[in-house]
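Q: Handing you a structure now.
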Amino acid sequence: MRLTDSYGRVATDLRVSLTDRCNLRCAYCMPADGLDWLPGPLLLTDDEILRLVTIAVARLGVTEIRLTGGEPTLRPGLVRLVERMAALSPRPELSLTTNGLRLAGRAGLAGPLAAAGLDRVNISLDTLRPERFARITRRDRLADVLAGLAAAADAGLGPVKVNAVLLRGRNDDEAAPLLRWCLARGYQLRFIEQMPLDAQHGWRRAEMVTAGEILARLAAEFALTPLPGRGSAPAELFAVDGGSGTVGVIGSVSAPFCAACDRVRLTADGQVRNCLFAREESDLRGPLRAGATDDDLADRWVRAVWGKHAGHGIDAPGFHQPDRPMSAIGG
Ligand code: SAM
Ligand code: SF4
């Protein structure tokens, strides 16, 4: 069995959200205050996550698992969870998307996660200026992110990828400085267009810094050569100044890559989502807790993915932002 949809796409890349909680409050993701967390009893336990991930890997052809959230490093059993996923057969590729705050220092997770079998990390960094970082994330923690990046590279969790979101008038003059800084350290920078997924519904298309604008800003300072072979990867990749360094631009809104999408998502409360922007979810937690067999859960998952829409439809007249914010879907 595979996770094939009615348009012939096959989902092999599973994004697992481990929590909807976070220790930052990025302006494009969460409101400054408030936002109800998912109630604890609804969250999948470690064993439940493992069971569903095992079904995905062993029966449904999933080859890559990305752990995300909210902030996945806030999940207490994270290292053990990674260790158990790394022991699956066939062994999936394992990566983590994190804000990096908990990777460095004495209790830092970078070393233990690498030892447990994590292959790679993506770390979010939108600015190199402490005061801007504090304004965008509403926490004064830039130094911890930078330390987390270094700890991830030292632990061998590479190539370390950096995710950046540019906001008009706030950090959109940092495209080139961020790239220069990442190239100097061997990090692979990818810019992501801001999407309508914030809990407070503050996204405005006219204010979005587009992929085209980002490329124009970069092209003013660097020679960018498009790299072939994008496949299902969302980022359009460019070689920088003819060297080995690259930069990616993810035009999720202005240049959707839905036709090549190979992703499926599992939320922290056990719902299958076919897309960040999906309005439908398929519950696996209920059946799982009611005693469903692995066969039954696999069937439900196959049926859920079959119904995946052709595209996210942000540009369609009837587009409605999903009720769940990014932090509760798993980015
Ligand atoms: N907390 C982790 C982090 O920030 O990396 C993982 C979860 S976060 C939701 C995953 C990624 O989604 C981050 O790179 C973040 O910048 C990005 N993101 C969050 N809200 C977004 C939005 N409205 N548009 C585009 N990207 C967004
Ligand atoms: Fe937290 Fe990541 Fe959302 Fe920022 S983008 S508030 S770090 S979940």
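The values are calculated or read from the model by the stated rules, or taken from the named source; none is laboratory data. Everything quoted here is computed from the prediction, not taken from an experiment. Cβ: placed from backbone, ideal geometry, glycine included. Neighbour counts: every protein chain shown.
Q: Suppose the filter is of a type in the set (Lys, Arg), more than 15 Å from ligand 1 (Cβ to nearest atom), closer than 27 Å to Asp269 by Cβ and touching a residue at least 24 places away in the same chain (Cβ under 8 Å); does Arg84 pass it? Before you say what the answer is, go through the steps one by one.
A: Details: of a type in the set (Lys, Arg): yes; more than 15 Å from ligand 1 (Cβ to nearest atom): yes; closer than 27 Å to Asp269 by Cβ: yes; touching a residue at least 24 places away in the same chain (Cβ under 8 Å): yes.
Judged against the criteria, Arg84 is a match.
Q: Across the stretch 300-318, what is the total count of residues that are free of Cβ contacts under 8 Å to residues at least 60 places away in the same chain and of a type in the set (A, V, I, L, M, F, W, C)?
A: Qualifying residue count for the region: 2.
Q: Okay, moving on. Residue by residue through the stretch 11-30, note down the ones that are assigned to a loop (DSSP other than H, G, I, E, B) and more than 10 Å from ligand 2 (Cβ to nearest atom). Talk me through it step by step, then tell me what you get.
A: Let us first name the residues in the stretch 11-30 that are assigned to a loop (DSSP other than H, G, I, E, B), namely 11-12, 18-30.
Matches in the stretch 11-30: Ala11, Thr12, Leu18.
Q: How many residues are more than 26 Å from Ala116 (Cα to Cα) and away from ligand 1 (no atom under 16 Å from the Cβ) if we restrict to the stretch 132-178?
A: Residues of the stretch 132-178 more than 26 Å from Ala116 (Cα to Cα): 132-142, 164-178.
Adding the requirement that they be away from ligand 1 (no atom under 16 Å from the Cβ) leaves 140, 169, 173, 176-177.
Qualifying residue count for the region: 5.
Q: Could you run through the stretch 66-121 and say how many residues are of a type in the set (Val, Ile, Thr) and at positive phi?
A: 0
To keep it simple, each residue is scored yes or no on (1) touching a helix residue (DSSP H, G or I) at 6+ places or on another chain (Cβ under 9 Å); (2) modelled with pLDDT of 95 or more.
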position: Asp144; (1), (2): no, yes
position: Glu193; (1), (2): yes, yes
position: Pro196; (1), (2): yes, no
position: Phe238; (1), (2): yes, yes
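Q: Would you mention how many residues in the stretch 8-48 are within 16 Å of ligand 1 (Cβ to nearest atom) and free of Cβ contacts under 8 Å to residues at least 40 places away in the same chain?
A: Residues flagged as within 16 Å of ligand 1 (Cβ to nearest atom) and free of Cβ contacts under 8 Å to residues at least 40 places away in the same chain within the stretch 8-48 amount to 1.
Q: Within the stretch 301-319, does at least one residue satisfy the condition of being among the basic types (Lys, Arg) and either at positive phi or touching a helix residue (DSSP H, G or I) at 6+ places or on another chain (Cβ under 6 Å) (or both)?
A: Our first condition is that a residue be among the basic types (Lys, Arg); within the stretch 301-319, this holds for 303, 308.
Filter again for either at positive phi or touching a helix residue (DSSP H, G or I) at 6+ places or on another chain (Cβ under 6 Å) (or both), leaving none.
The answer is no; no qualifying residue exists.
Q: Same structure, new question: List the strands (runs of 3 or more DSSP E) that sit entirely inside the stretch 185-276 and contain at least 2 residues that are free of Cβ contacts under 8 Å to residues at least 60 places away in the same chain and surrounded by fewer than 21 Cβ atoms within 10 Å (Cβ to Cβ).
A: On the way: elements: 188-192, 224-226, 236-240, 246-250, 263-266, 271-273.
In the stretch 185-276, 224-226, 236-240 are the strands (runs of 3 or more DSSP E) which contain 2 or more residues that are free of Cβ contacts under 8 Å to residues at least 60 places away in the same chain and surrounded by fewer than 21 Cβ atoms within 10 Å (Cβ to Cβ).
Q: Let me ask something else about it. When the residues of the stretch 154-169 are narrowed to those that are surrounded by 16 or more Cβ atoms within 10 Å (Cβ to Cβ) and part of a loop (DSSP other than H, G, I, E, B), which ends up nearest to ligand 2 (Cβ to nearest atom)?
A: Checked the stretch 154-169; the qualifying residue nearest to ligand 2 (Cβ to nearest atom) is Val165.
Q: Also, quick follow-up: Is there a residue in the stretch 304-321 that is in a helix (DSSP H, G or I) and modelled with pLDDT under 90?
A: Narrowing the stretch 304-321 to residues in a helix (DSSP H, G or I): 304-306.
Applying the additional criterion that residues be modelled with pLDDT under 90 yields none.
No: zero hits.
Q: In addition: Using beta carbons and a limit of 7 Å, which pairs, at least six apart or on different chains, have the first residue in the stretch 63-75 and closer than 14 Å to Thr267 by Cα and the second one within 12 Å of ligand 1 (Cβ to nearest atom) and of a type in the set (D, E, K, R)?
A: Listed by first residue and then by second, the contacts come to Arg66/Arg15; Thr68/Arg15; Gly69/Asp20; Gly70/Asp20; Gly70/Arg21; Glu71/Arg21.
Q: Do we find that Glu221 is within 30 Å of Pro322 (Cα to Cα) and not polar (S, T, N, Q) in this structure?
A: On the way: within 30 Å of Pro322 (Cα to Cα): no; not polar (S, T, N, Q): yes.
Criteria not met by Glu221.
Q: Select, from Leu297, Leu288, the only residue that is away from ligand 1 (no atom under 16 Å from the Cβ), in contact with an Asp or Glu (Cβ under 9 Å, 6 or more places away or on another chain) and not charged (D, E, K, R). Steps first, answer last, please.
A: Values: Leu297 fails: in contact with an Asp or Glu (Cβ under 9 Å, 6 or more places away or on another chain).
Criteria check complete, one pass: Leu288.
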